[in-house]
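The values are calculated or read from the model by the stated rules, or taken from the named source; none is laboratory data. All values reported here derive from a predicted model rather than from experimental measurement. In this analysis, Cβ positions are derived from the backbone assuming ideal geometry, glycine residues included, and neighbour counts consider all displayed protein chains.
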Amino acid sequence: MIPLKLGEKGQGCIAIFGGFLILASLGQMYTITNMTPYVISYLHERLDSKVDYSFGIWISAGSISFYASSMPISGLLGRKVNILRLIVIPGFLNSLSHFASAYALTRNKILFFFTYSILTGIALGLAFGLVLQTTLTWFPKRNGLVVGICTVGSGLGSILLAPFQTLYINPNNLSPNNSTL
């Protein structure tokens, strides 16, 4: 492998691109509303007949609440712990949330709420703060540009992932079963 000799700006650009990719992969949190009709229909049919679409509001609100409340925590941790080691935690939590949600979906709606909503929100909140903290150190005079690029990654992740979710879960674009709700 040929070592790359990058200047400080080159390294900063790589850090921003890495932050963009991290937030793009965690941007799937915003696809919760895409998944809600299918998940709620499944929960209603297979687990608890009292589950209705109002549960979807709780799923969305839980993820956003814990996303927002975990951002300051990442800022505090980022000052005390090596950020490169710390950034692994949100990725792990996000992966864990998906695997655990697959299990929880067949067991308990509250457990599913915790794994799909809260754990995902915490993962994105921790990552968002850490990514911004890291990338802003490379270009302190370009705060708006750096935050904008990273934030676009977060939104782009959901835009790219939502059609794949729908294609996988509902390839024929059928409505959820109205008789179950």
When the residues of the range 108-142 are filtered to those that are aromatic (Phe, Trp, Tyr) and at pLDDT 95 or above, which remaining residue is farthest from residue 66 (Cα to Cα)? 112
Which residues, counting only those in the range 148-162, are loosely packed, with under 15 Cβ neighbours inside 10 Å and more than 16 Å from the chain's Cα centre (by Cα)? 148
Quick one: residue 81 ticks every box in (1) modelled with pLDDT of 90 or more; (2) over 20 Å from residue 33 (Cα atoms) except a single one, so which number is it? (1)
Taking the range 36-63 on its own, how many of its residues are part of a helix (DSSP H, G or I), in contact with a Lys or Arg (Cβ under 9 Å, 6 or more places away or on another chain) and closer than 30 Å to residue 90 by Cβ? 2
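Among the residues of the range 110-124, which ones are more than 21 Å from residue 44 (Cα to Cα) and over 8 Å from the mean Cα position of the chain (by Cα)?
Passing the criteria: 119, 122.
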So in the range 118-139, with the set limited to residues that are assigned to a helix (DSSP H, G or I) and of a type in the set (Phe, Trp, Tyr), which one is surrounded by the most Cβ atoms within 10 Å (Cβ to Cβ)? 128
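When the residues of the range 65-88 are filtered to those that are of a type in the set (Val, Ile, Thr) and surrounded by fewer than 17 Cβ atoms within 10 Å (Cβ to Cβ), which remaining residue is farthest from the chain's Cα centre (by Cα)?
Only one residue fits best here, namely 81.
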